[in-house]
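Student: Sharing a structure with you now.
The values are calculated or read from the model by the stated rules, or taken from the named source; none is laboratory data. All of these numbers come straight from a predicted model, not from anything done at the bench. Cβ sites come from the backbone with ideal geometry, for glycine too, and all protein chains shown count toward neighbours.
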Amino acid sequence: GKRAADLVKELSTAGSDALPPYNDEQVRLVLEEISEHSATLQELSGVLNEKKSEREAELEERGEEGTSVSFADFPDETSAFIVHHTSILRNKRLLLTYMKERMDRIKRLRWQQRSLPEDIKQNLSQAEIEWFNTYSQLLSGYMRKDTGIGMDLTLDESPPKDPDMYVRVLRDYGEVAFSMGSVVLKKGSTHFLPRAEADPLIREGVL
């Protein structure tokens, strides 16, 4: 169980917004540990069933076939069975926590940055990259005008109080056409622009 716990601790130590490299080796070791516990469980199950059958046969020979026999009559094997079964459940819970937390952080990236930064992409497994791409396509399709609701839901994590906003231009960008007219974005100038149209430029570092 320590290996699986270390995976969760690794994410916790990195911080709530960080995505450390996917620990493929540690995940593999945890899965191997689960397989080993599972194999031991199968062996113990066979031993318990065999002992139960032998005890029932003994009782039948003595004319006590009505006496019930349970696995509790074999405390050593039953205790070992419970320990291995509990270890499997614990490892699975911790492994799923690791996977789910990484998935949630990857999902937040799509909402906050829209694309997958290269420095973060190299920390993801191939399955995680494929999941991000699929999720991104589904979200984009849902927000498109022709196939979805026609609204960019990633603009604000919380509903804005005002549809327009004051912005300051951080670098020369030239003339840009907005719904309220064309505006020349010159470094240092300030403008009152529609929030939905200004937000992409804010993300690009223009405003």
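Student: Which ones in segment 175-207 are part of a loop (DSSP other than H, G, I, E, B), of a type in the set (Gly, Ala, Ser) and modelled with pLDDT under 90? Break it down into steps so the answer makes sense when it comes.
Tutor: To start, the set of residues in segment 175-207 that are part of a loop (DSSP other than H, G, I, E, B) comprises 179-180, 186-189, 205-207.
With of a type in the set (Gly, Ala, Ser) added as a condition, the list becomes 179, 188-189, 205.
Those that are part of a loop (DSSP other than H, G, I, E, B), of a type in the set (Gly, Ala, Ser) and modelled with pLDDT under 90: Ser179, Gly205.
Student: Still on this structure, please answer the following. Return the residues of segment 120-158 that are among the β-branched types (Val, Ile, Thr) and closer than 24 Å to Leu201 by Cβ; say none if nothing qualifies. Write out each step before concluding.
Tutor: Within segment 120-158, the subset among the β-branched types (Val, Ile, Thr) is 120, 129, 134, 147, 149, 154.
Ile120, Ile149, Thr154 - these are the residues of segment 120-158 that are among the β-branched types (Val, Ile, Thr) and closer than 24 Å to Leu201 by Cβ.
Student: Considering only residues that are hydrophobic (A, V, I, L, M, F, W, C) and either crowded, with 18+ Cβ neighbours inside 10 Å or not assigned by TED's automatic domain parsing to the domain that holds Pro20 (or both), look in segment 73-115 and name the one that is farthest from Glu58 (Cα to Cα).
Tutor: Residues of segment 73-115 hydrophobic (A, V, I, L, M, F, W, C): 74, 80-83, 88-89, 94-96, 99, 103, 106, 109, 111.
Filter again for either crowded, with 18+ Cβ neighbours inside 10 Å or not assigned by TED's automatic domain parsing to the domain that holds Pro20 (or both), leaving 74, 81, 88, 94-95, 106, 109.
On the way: Phe74: 15, Phe81: 24, Ile88: 34, Leu94: 44, Leu95: 45, Ile106: 60, Leu109: 65 Å.
Per the criteria, the residue is Leu109.
Student: For segment 68-174, which helices (runs of 4 or more DSSP H) that fit wholly inside it have 2 or more residues that are among the hydrophobic types (A, V, I, L, M, F, W, C) and over 30 Å from Leu48 (Cα atoms)? Break it down into steps so the answer makes sense when it comes.
Tutor: Numbers: elements: 75-113, 118-121, 126-143.
Output list reads 75-113, 126-143.
Student: Any chance segment 106-118 includes a residue that's hydroxyl-bearing (Ser, Thr, Tyr) and closer than 16 Å to Pro200 by Cα? First the steps, then the outcome.
Tutor: Let us first name the residues in segment 106-118 that are hydroxyl-bearing (Ser, Thr, Tyr), namely 115.
Remaining after also requiring closer than 16 Å to Pro200 by Cα: 115.
For segment 106-118, residues hydroxyl-bearing (Ser, Thr, Tyr) and closer than 16 Å to Pro200 by Cα: present.
Student: Of all residues in segment 6-15, which are closer than 14 Å to Thr97 by Cα and either out of contact with any helix residue (DSSP H, G or I) (no Cβ under 6 Å at 6 or more places or on another chain) or not in a helix (DSSP H, G or I) (or both)?
Tutor: Asp6, Lys9, Glu10, Ser12 - these are the residues of segment 6-15 that are closer than 14 Å to Thr97 by Cα and either out of contact with any helix residue (DSSP H, G or I) (no Cβ under 6 Å at 6 or more places or on another chain) or not in a helix (DSSP H, G or I) (or both).
Student: From (1) more than 27 Å from Arg110 (Cβ to Cβ); (2) surrounded by fewer than 16 Cβ atoms within 10 Å (Cβ to Cβ); (3) at pLDDT 85 or above, pick out the condition that doesn't hold for Val169.
Tutor: It fails just one condition, (2).
Student: So which pairs qualify, if the first residue must be in segment 168-190 and polar (S, T, N, Q), the second must be surrounded by 12 or more Cβ atoms within 10 Å (Cβ to Cβ) and assigned to a strand (DSSP E or B), the Cβ gap must be under 8 Å, and the two must be at least 6 apart or on different chains?
Tutor: Ser179/Pro194; Ser182/Val176; Thr190/Val167
Student: Further question on the same structure: Would you mind telling me which numbered condition in (1) closer than 30 Å to Pro21 by Cβ; (2) over 16 Å from the mean Cα position of the chain (by Cα) Val169 fails?
Tutor: Condition not satisfied by Val169: (1).
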